[in-house]
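Questions regarding the structure given below will be posed in turn.
Derivation of every value follows stated rules applied to the coordinates shown; laboratory data play no part. Only a predicted model underlies this, so the values are computations on that prediction, with no experimental measurement involved. Virtual Cβ from ideal backbone geometry, glycine too; neighbours counted across all protein chains shown.
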Amino acid sequence: MEGPTSHFWFSQRLRLHYVDWGNEGAPLLLMIHGGRDHCRNWDWVARRLRDRFHIVAPDLRGHGDSAWASGGAYDLPNHVYDIAQLVHQVGETPITILAHSMGAAVALNYAGAFSRHVKKLIAIEGLGPSPEMAAELAQQTIDQRVRFWVKTRRENSGRNPRKYPTIDDAVARMQEENPHLNPEQARHLTIHGAHQNEDGTFSWKFDNYARFGGGVAGFSLDDQHKLWSLITCPVLLVRGEESWASDPAVDGRIKHFQNARLVNFKDAGHWVHHDKLDGFLAEAEAFLAQ
């Protein structure tokens, strides 16, 4: 597979990485990965769409080849700021966005705040917790949430990156995380998502602090629902039926969007663009061509 070129941008003093698939002058398509992932997870999709778009895929702070945030600042507002800075630096608007999971949450909040900069958006499972989960969380008082946040941060501070004896062991862990992956996918994602330590072992590139997001900081669910309602461009919501994510048409969250359509994929989990690549691309290409 012919690959992209690497570049960097700066946001809040962090040196952040992105890849550029070329085709400058074509409409800009921004691809944003999810948590504990990296920009090269989009390679199969980018290869299919690069003839029609100028594709830019960032590594979010604390992920891939981007810098780790001092103090573990991985809440949604910081990620939104980073994306706003990238769009500002690239200087091509309006843009199209394709994003997954946490990256899709970032994209949806960005699109609500900067609606005139976004002309189409595909969000793969970026709506966060279901209304039932949100209701349970809402039962916690602010002092309980703060204590839990401090507890998890303190525990996480002593967590060392896991080391795998060989790259094959890391590939096996990748396959375990998503059984839908074929061997070629699992190896590709692992090679770009892990680095070799000085002792010869392999560890994932992402910062462990990124696992816990913003804790008590960030946008509230009400804030996010308001931002979703401000998105003026067409939105394609994508979900895997085997995923933990609830169906937004069933639980009512799709009502927060002005112009959104939902596609559910059978025999797919959280990573629909890996689990059902051809089917996902067919839906995405049809949506982008409209």
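According to the square roots a ≥ b ≥ c of the eigenvalues of the Cα gyration tensor, what is the shape class of segment 205-267, taking rounded for a/c under 1.5, prolate for a/b larger than b/c otherwise, and oblate for the remainder?
Note, shape of segment 205-267 comes out oblate.
With +1 on each Lys and Arg Cβ and -1 on each Asp and Glu Cβ, and nothing else charged, work out how big the dipole of segment 131-290 is about its Cα centre, in Debye to the nearest 20.
Details: 19 positive and 23 negative charges, 133 e Å.
Dipole size: approximately 640 debye.
Percent relative contact order of segment 25-136, based on C-alpha pairs within less than 8 angstrom and at least six residues apart? Display every interim value, and only then the final one.
On the way: 177 pairs, mean separation 32.0, N = 112.
The normalised contact order for segment 25-136 reaches 29 percent.
A further question on this structure: What order do you get for 203-210, 241-248, 139-146, 279-286 when each peptide is scored by the mean count of other beta carbon atoms within 10 Å, highest first?
203-210, 241-248, 279-286, 139-146
For segment 157-230, just say rounded, prolate or oblate: build the C-alpha gyration tensor, square-root its eigenvalues into a ≥ b ≥ c, call rounded for a/c under 1.5, and beyond that prolate if a/b exceeds b/c, oblate if not.
Details: a/c = 3.50, a/b = 1.76, b/c = 1.99.
It comes out oblate by the Cα gyration axes.
For ARG211 and GLU132 in one chain, what is 0.36 nm times their gap in residues minus the Cα-Cα distance, to one decimal in nm? Don't skip to the answer; put the middle values down first.
On the way: separation 79, 0.36 × 79 = 28.44 nm, distance 2.18 nm.
Roughly 26.3 nm would be gained on extension.
Oh, and also: So for the chain: antiparallel DSSP bridges make up what percent, rounded to the nearest 5? Don't skip to the end; give the middle numbers.
Values: 14 of 38 bridges.
Just about 35 percent of them are antiparallel.
Take the Cβ-Cβ distance between GLN258 and ARG13 as r, set R0 to 35 Å, and report the resulting FRET efficiency rounded to the nearest 0.05. Write out the running numbers ahead of the final one.
Values: r = 36 Å, r/R0 = 1.03.
Calculated transfer efficiency: 0.45.
Give the relative contact order (percent, whole number) for the chain; include only Cα pairs under 8 Å separated by 6+ residues.
Working: 520 pairs, mean separation 53.0, N = 290.
Over the chain, the number comes to 18 percent.
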